[in-house]
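Here's the structure, in structure tokens; my notes come after.
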Amino acid sequence: SKSIARKKISNSREKTGRKPGGQPGHRGHCRKKLTPTREIYLPAPEEVLHDPDFKKTSKTITKQKIDISVEVHVTEYHADVYYNSKTGERIHAPFPQGVIDDVNYGGNLRAFLFLLNNDCCTSIDKSRRFLSDLTDGKINISKGMINNLCRSFAQKTESQRKEIFCDMLLSPVMHTDCTNARVNGESSYVFVCAVPDGGVLYFARGKKGHDGIKGTVVEDYQGTLVHDHDVTFYKYGTGHQECLAHVLRYLKDSMDNEKDRTWNRQMHSLIQEMIHYRNGLSESEEPDPQTVSEFEERYKTILSIAGDEYDYEPPGKYYRDGYNLYKRMKKYKKDHLLFLHNKNVPATNNEAERLLRKYKRKQAQAVSFRSPSSIDHLCKCMSMLVLMRRKEQTNLFREIAEIFA
């Protein structure tokens, strides 16, 4: 999207005409009061004290002012050294686990810098400067220490990711997608595999295609894959569902560039109707075979109209995307309509799209990673961060601090 020569990408969203922000009839979300740590009772106004006509009521108005503070806690351990005059041996009491160097950093500090750099996507320089400002210049951590936090966290959570990998192979449906990356100025790729409401794993690869899929969950997966139209994925899994969000976007683009065609508008309406029908089913309700059969017949009829229109007036030299979409939807008809037959299969690949945006934010901040190991450690850390956030009532900061500790 940053490239000047890149063509405009059609937006499938339509304006509702409503103003942004809260809508009439909806209950507002107010600020929540907290348990006070200090209470201050304001004295009565002077005019009340000197006027006997004012009487105190049972009503009290309370307003809170919430703020935070950052404190530096330094624990210094002292161990006396004992010397054996006969053997020359020197011994002292063992230090606690994690206290190895002369100066060591605790789990809270490491978790703070780790999340700042990898989850909030701030640079290493800004992270260390922010921490220095918070502590009035008392803590000035080196860049290398912050950079090594990603590798350290990836090593500490290796066993958990292996368990997630095995669990994802048993899922009946899985989302997958990939995006471009930059490693030392050269092209690279990041693959994502995600189970609905389950595990997520990112993989850094130097190549796309079958070489990129090696070692990912997709390689040995035997369920239904939900993906964009990447023909490489059709060699894996036992079923496939094309992302209809992309199809709607391509149809919108065809409607804007091929205004004389009718098939694109009819197909756009049909896909919206099919998705609306599937979303309207309850958890216990199965798709009606008769309704699904009617959808399939309408799908075939519209493709037949598209074929007649392109036979009568072939696609132009400068715009063939609409024609290519028609050929693709005709060839992979079963993979566009699988979601109507299987309730476990979603109609879009939005799950993988949203997850890849997390990496793209980091890529925009980092621009280019220096080594393949750096991007590999980042992908491993992002997998764990997404999984931790999916757990209900999880304090992400505390959980990461415990891992570092």
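Annotations
- Inter-label distance for K208 and D136, nm, one decimal - labels placed 7 Å from Cα along Cα-to-Cβ: 5.5
- The range 12-150: C-alpha gyration tensor shape, a/c 1.5 cut-off, then a/b vs b/c: oblate
- C-alpha long axis of helix 372-390 to longest principal axis of the chain, angle in °: 90
- Sparse-neighbourhood loop sites, trypsin sites (Lys or Arg not before Pro) in the range 202-304 - DSSP loop, at most 16 other Cβ within 10 angstrom: K207, K208, K214, K259
- Whole-Å distance, taken between Cα centres, linking the range 127-167 and the range 379-399: 14
- Within the range 249-266: backbone nitrogen closer than 16 Å to the D308 label point (7 Å, Cα to C-beta): 261-266
- Taking GluC sites (Glu not before Pro) in DSSP loop conformation with at most 14 other Cβ atoms inside 10 Å as exposed sites, the chain has its longest uninterrupted site-free stretch at 90-282.
- Put in order of Cβ neighbour count within 10 Å, fewest first, the listed residues D230, D136 become D136, D230.
- A simple spin-label model places pseudo-atoms 7 Å from Cα toward Cβ; at D220 and N279 they are separated by 3.7 nm.
- Pairs exceeding 25 Å between alpha-carbon atoms, taken from K207/K317; K15/K259; K208/K362; K235/K391: K207/K317; K235/K391.
- For T37, T394, order by how many other beta-carbon atoms lie within 10 Å, fewest first: T37, T394
- Global form of the range 202-349, assessed from the alpha-carbon gyration tensor, a/c cut-off 1.5: oblate
- Of the trypsin sites (Lys or Arg not before Pro) found in the range 103-176, those in coil by DSSP whose Cβ has at most 13 other Cβ atoms within 10 Å are K138.
- What the Cβ-Cβ distance of E163 and K235 gives, at R0 = 41 Å and to the nearest 0.05, is a FRET efficiency of 0.95.
- Cut-off 18 Å, label 7 Å out along Cα→Cβ of L270, residues of the range 313-334 by amide N: 322-334
- FRET E, pair D102, V70, Förster distance 30 Å, beta-carbon r, rounded to 0.05: 0.80
- Bridging of K334 to aspartates and glutamates at a Cα separation below 17 Å is possible for D228, D230, E242, E294, E296, E297, once same-chain residues fewer than 8 apart are set aside.
- Whole-angstrom gap from the range 188-223 to the range 232-270, using each part's C-alpha centre: 24
- Exposure proxy order (Cβ contacts within 10 Å, fewest to most) of L340, L134: L134, L340
- Shape of the range 5-88, Cα gyration tensor, a/c cut at 1.5: oblate
Laboratory data are not the source of any read-out in this text; all were calculated from the coordinates shown. Only a predicted model underlies this, so the values are computations on that prediction, with no experimental measurement involved. Methodologically, a virtual Cβ is constructed for each residue, glycine included, from the backbone with ideal geometry; neighbour enumeration extends over all protein chains shown.
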